[in-house]
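The values are calculated or read from the model by the stated rules, or taken from the named source; none is laboratory data. Given the structure is predicted, the values throughout are model-derived calculations rather than measurements. So basically every Cβ, Gly included, is an ideal-geometry build from the backbone, and we count neighbours across all protein chains shown. The protein model used for the area step is the full one, side chains on, heavy atoms only, and it has no ligands, DNA or RNA in it. Shrake-Rupley method; radii C 1.70, N 1.55, O 1.52, S 1.80 Å.
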Amino acid sequence: MKLTDNVLRSFRVAKVFRENSDKINCFDFSPNGETVISSSDDDSIVLYDCQEGKPKRTLYSKKYGVDLIRYTHAANTVVYSSNKIDDTIRYLSLHDNKYIRYFPGHTKRVVALSMSPVDDTFISGSLDKTIRLWDLRSPNCQGLMHLQGKPVCSFDPEGLIFAAGVNSEMVKLYDLRSFDKGPFATFKMQYDRTCEWTGLKFSNDGKLILISTNGGFIRLIDAFKGAILHTFGGYNNSKAVTLEASFTPDSQFIMIGSEDGKIHVWNGESGMKVAVLDGKHTGPITCLQFNPKFMTFASACSNMAFWLPTIDD
């Protein structure tokens, strides 16, 4: 089944889970699309089975809290950042609920965490104005970059380069093998003092970069030239909430939630809005991602919703 405007318009909430007593901070689908893992301000990590559509188990990180969470390539392991005590990143085995390794170094909150799509490398960006490069096999930081402001960062789909959004006004591209030589490309955007950049993602075809903000718009830029292709707005975000924006796996569509529980979807090529879907969420939709392998997506406030299309195209 191919994603089209009509298929997207037909998506409805198939299941709602109320496993959390506080907002969901982050979730991540496993690379095979079979499970999704979430982190919440209630200090819990909830694992869901996407095929059966039910929660599988809940783990707790009471002492450190849990903020950003990402699957690694090994089955049943995740890395996550904390929102209590310290800013060490933790590598957790879900299988036996034991820490495999700690990654100390950041001195302020971690605001970006991206796993390499191809190997055991990951990067983290922090309010301490650094991006750190790590290898899951070693507790020592493999590389450190000092920046001029708050960074958001992400790997490209081939794991060869990573992009850093700095100070909400420029995107810098680095070659992973020689990032100490500095960026090989810098794209300067017009600074908008009404909002901050909160995230940066590549499309799966590697051609586009999506910049999310805590304002009322998101930006789509050309990953090679840095030109702004589209600015998408018209969704509600009056309280400067960090709303996650995402690509669909075919790189064709861009979606974001809003503070009033609706999901807005645009066609990346034409820039036209193709759908507004009502998720009946009780709070702002802070997390939104499409499943990498199956025709389903998830959205979250303090509830988690799984969506399915209602037509077969």
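Which aspartates and glutamates have a Cα lying under 19 Å from the Cα of K62, excluding residues fewer than 8 positions away in the same chain?
Within the straight-line limit of under 19 Å, K62 reaches these aspartates and glutamates: E19, D22, D41, D42, D43, D86, D87, D96.
Given only helices, namely DSSP H runs of n ≥ 4 each adding -39500 (n - 2.57), what is the per-residue ellipticity at 222 nm of the chain, to the nearest 500 deg cm²/dmol?
-500 deg cm²/dmol
What does the charge count near F103 come to, summing +1 for each Lys or Arg and -1 for each Asp or Glu among other residues with Cβ under 9 Å from its Cβ?
+3
When only the heavy atoms of the protein chains count and the probe is 1.4 Å, how do T248, T282 rank by accessible area, highest first?
In descending accessible area the options line up as T282, T248.
Taking region 188-238, how much of its Cα-Cα pair set, in percent, is spaced more than 16 angstrom apart?
More than 16 Å apart: 38 percent of the Cα pairs in region 188-238.
Go through M295, M272, M189 and list them by solvent-accessible area, largest first, probe radius 1.4 Å.
Ranked from most to least accessible, the order is M272, M295, M189.
Can you list the trypsin sites (Lys or Arg not before Pro) in region 267-308 that are in a DSSP coil and have 16 or fewer other beta carbons within 10 angstrom?
Sites meeting the loop and neighbour criteria: K280, K293.
How much space per residue, in cubic angstrom, does the convex hull of the C-alpha atoms of region 61-118 take up?
77
Would you mind giving the average projected area, over all directions, of the Cα convex hull of region 19-133 in nm² with one decimal?
The Cα convex hull of region 19-133, projected and averaged over all directions, gives 6.7 nm².
Label-point separation (nm) for D86 and F184, each offset 7 Å from Cα along Cα-to-Cβ?
In this crude label model, D86 to F184 measures out at 3.6 nm.
What is the sum of charges, Lys and Arg at +1 and Asp and Glu at -1, for the other residues whose Cβ falls under 13 Å from the Cβ of M115?
Local net charge: -3.
For region 145-271, max minus min Cα coordinate along each principal axis, in Å, sorted largest first?
So the three principal-axis extents are 44, 31, 20 Å.
Only Cα pairs under 8 Å and at least 6 apart count here; give the relative contact order of the chain as a rounded whole percent.
Once divided by the residue count of the chain, the mean separation gives 15 percent.
At R0 = 35 Å, how high is the FRET efficiency between D250 and C195 if r is their beta carbon distance? Nearest 0.05 is fine.
Computed FRET efficiency for D250 and C195: 0.80.
Which value, in Å² rounded to 10, gives the accessible area of T186 with a 1.4 Å probe and all protein chains present?
Probe radius 1.4 Å; accessible area of T186 about 70 Å².
Any chance you could tell me what percent of the C-alpha pair distances in region 84-219 go past 24 Å?
29
Set the Förster distance to 22 Å, then compute FRET efficiency between S10 and L229 from the Cβ-Cβ distance, nearest 0.05.
Step by step, r from the Cβ atoms, then E = 0.25.
Mean separation of Cα pairs under 8 Å and 6+ residues apart, divided by the residue count of region 229-279: what relative contact order is that in percent?
Relative contact order here is 27 percent.
Let me understand region 18-81 better: what is its radius of gyration from the alpha carbons, and its Dmax, in angstrom?
Cα radius of gyration and Dmax of region 18-81 are 10.9, 32 Å respectively.
With every protein chain left in place and a probe of 1.4 Å, what is the accessible surface of Y174, to the nearest 10 Å²?
Accessible surface of Y174 is approximately 10 Å².
Could you tally the net charge around K63, taking each other residue with its Cβ under 12 Å from the Cβ of K63, Lys/Arg +1 and Asp/Glu -1?
Here the count lands on +1.
If I take every Cα pair under 8 Å that is 6 or more residues apart in region 83-218, average their sequence separation and divide by the length, what percent do I get for the relative contact order?
14
Taking every pair of alpha-carbon atoms in region 84-159, give the share separated by more than 16 Å as a whole percent.
Tail fraction, whole percent: 50.
Cα-based Rg of region 131-205 per 2.2 N^0.38 Å, rounded to two decimals?
1.14
Express in nm, to one decimal, how much length is gained between D22 and T58 on full extension, taking 0.36 nm for each residue of separation and deducting their alpha carbon distance.
Contour length minus Cα-Cα distance gives 11.5 nm.
Suppose accessible area is computed on protein heavy atoms with a 1.4 Å probe; arrange R132, R57, R18 from highest to lowest.
R18, R57, R132
Taking the Cα atoms of the chain alone, what are Rg (to one decimal) and Dmax (as a whole number) in Å?
For the chain, the Cα-based Rg and Dmax read 18.2, 51 Å.
Can you count the Lys pairs in region 173-313 with C-alpha separation below 30 Å, eight or more apart or on different chains?
Lysine pairs, 8 or more places apart or on different chains, close enough: 28.
Return the distance in nm (one decimal) between the two label points of a simple spin-label model at N167 and N97, each offset 7 Å from Cα along Cα→Cβ.
Here the modelled spin labels are 4.6 nm apart.
Taking just the alpha-carbon atoms of region 228-313, what radius of gyration and Dmax come out, in angstrom?
12.5, 38
List the equivalent ellipsoid semi-axes of region 265-313 in whole Å, largest first, each obtained as the square root of 5λ for an eigenvalue λ of the Cα gyration tensor.
Three semi-axes, in Å: 20, 15, 11.
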